[in-house]
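Take a look at the structure below.
Please treat every number below as a calculation from the coordinates, not as lab data. Owing to the predicted nature of the structure, the values given are computational and were not obtained by experimental measurement. Here the Cβ is made from the backbone with ideal geometry for all residues, glycine too, and neighbour counts use every protein chain on show.
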Amino acid sequence: MRQLRLLLVLATAISLTLVTTAAASADPSPDPTGVTDSRASAAAPKRSTVDTRLTLPRPQAPRAETAHAAKAKKAKKAKITKKGGKNAKSSRVVGKKKGTWRFLVKKNAKGYWTIVGNGGDTLNLGAVKKKVTLDLSKSKKHQKVLPGLFLRVKDRFSLVRGGAKADEIRGSKASEMIDGRKGNDTIGGAAGHDTLLGGLGNDSLKWPRERLGRQRRQHRPRGRVRRPG
């Protein structure tokens with residue numbers, strides 16, 4: 001009986017030893033060399049690959065161009081340069097009744113020229129280095145714009161730009177923007193809803209008496225006006 005009991009004790013001790021060894025192999029101790037076991041790295045949580053940085057929308061450039069500037073880009077160019085006609089009968093014609101036009105007057109322009117358009121066009125005399133004298137309301141005859149240059153304007157402009165000297169430009173019935181640019185200019189409005197820009201220099205902006213009187217009547221104060229003092 002004693003031998004049988006000893007055998008049972010030895011069998012129990014052996015079974016406990018086997019169980020402890022199996023548990024130790026399932027949960028290995030950390031490697032003292034610092035090398036990570038592949039099984040442990042697989043069990044570790046993965047780092048997210050999604051970029052969580054804040055992405056701002058790309059700023060858009062300010063839209064500085066006006067409706068007239070956008071329309072001028074599509075306009076056809078017509079240059080008034082070098083020699084034109086010898087007289088009014090042989091006048092050179094630029095432009096047409098169709099489309100939008102941008103007329104450029106060069107500093108070497110001479111002779112007789114006729115500008116034809118359908119309204120809303122541009123007349124640019126910015127390259128001229130002499131005094132410009134132009135009345136946009138006169139369309140039946142040629143007028144002396146520069147020494148040696150005569151223009152007949154059979155068009156209505158939305159924008160007129162003067163030259164570098166003391167220009168004299170008067171508007172027409174159309175609603176025009178007249179820019180005198182450099183020089184001591186004299187710019188006159190007309191019956192249309194005009195915009196007058198003097199530019200650089202001591203400029204003079206004039207309006208017709210009828211329009212000035214109408215504006216005064218519209219802005220006449222009501223009631224008594226208190227005077228200072």
Gain in span if fully extended, Lys182 to Ser139, counting 0.36 nm per residue against the direct Cα distance
12.9 nm
Using the Karplus equation 6.51 cos²θ - 1.76 cosθ + 1.60 (θ = phi - 60°), what ³J(HN,Hα) coupling, rounded to whole Hz, does each residue of segment 178-189 give in order, writing x for Gly and Pro?
10, 10, x, 6, 6, x, 7, 8, 10, 10, x, x
In Å, what Kirkwood hydrodynamic radius results for segment 92-152 from the alpha-carbon pair distances?
12.1
R0 of 30 Å, Cβ-Cβ distance Ser204-Lys77: FRET efficiency to nearest 0.05:
0.45
Here segment 107-123 yields Karplus 3J(HN,Hα) values (6.51, -1.76, 1.60; θ = phi - 60°; whole Hz; Gly and Pro given as x) of 5, 9, 6, 9, x, 9, 9, 10, 9, 10, x, 10, x, x, 8, 10, 10
Of the listed peptides 180-187, 115-122, what is their order by residue-averaged count of other C-beta atoms within 10 Å, with the highest listed first?
180-187, 115-122
Of Lys83/Lys130; Lys97/Lys206; Lys140/Lys182; Lys74/Lys107; Lys74/Lys173; Lys82/Lys131, those spanning more than 27 Å from alpha-carbon to alpha-carbon:
Lys97/Lys206; Lys140/Lys182
Please say if segment 70-127 is rounded, prolate or oblate, where rounded means a/c under 1.5 for a ≥ b ≥ c the square roots of the C-alpha gyration tensor eigenvalues, and otherwise the choice is prolate for a/b larger than b/c and oblate otherwise?
oblate
Under 16 Å by backbone N from the virtual spin label 7 Å along Cα-to-Cβ at Ser90, the residues of segment 113-145 are 113-114
Sequence-distant or interchain residues sharing an amide H contact under 5 Å with Gly188, placed H: which?
Ile169, Arg170, Gly171, Lys206
Amide H contacts under 5 Å for Thr114, restricted to residues at least 5 apart in sequence or on another chain and with H modeled in the peptide plane, are Arg92, Val93, Val94, Arg152
Is segment 128-207 best put as rounded, prolate or oblate by its Cα gyration tensor, with a ≥ b ≥ c the root eigenvalues, rounded for a/c under 1.5, and otherwise prolate when a/b is larger than b/c, oblate when not?
oblate
Once you order the gyration tensor axes a ≥ b ≥ c over the Cα atoms, which shape class does segment 81-197 get: rounded for a/c under 1.5, otherwise prolate or oblate by comparing a/b with b/c?
oblate
Going residue by residue through segment 146-152, the Karplus relation 6.51 cos²θ - 1.76 cosθ + 1.60 with θ = phi - 60° gives ³J(HN,Hα) values, rounded to whole Hz and with x marking Gly or Pro, of 9, x, x, 10, 10, 10, 10
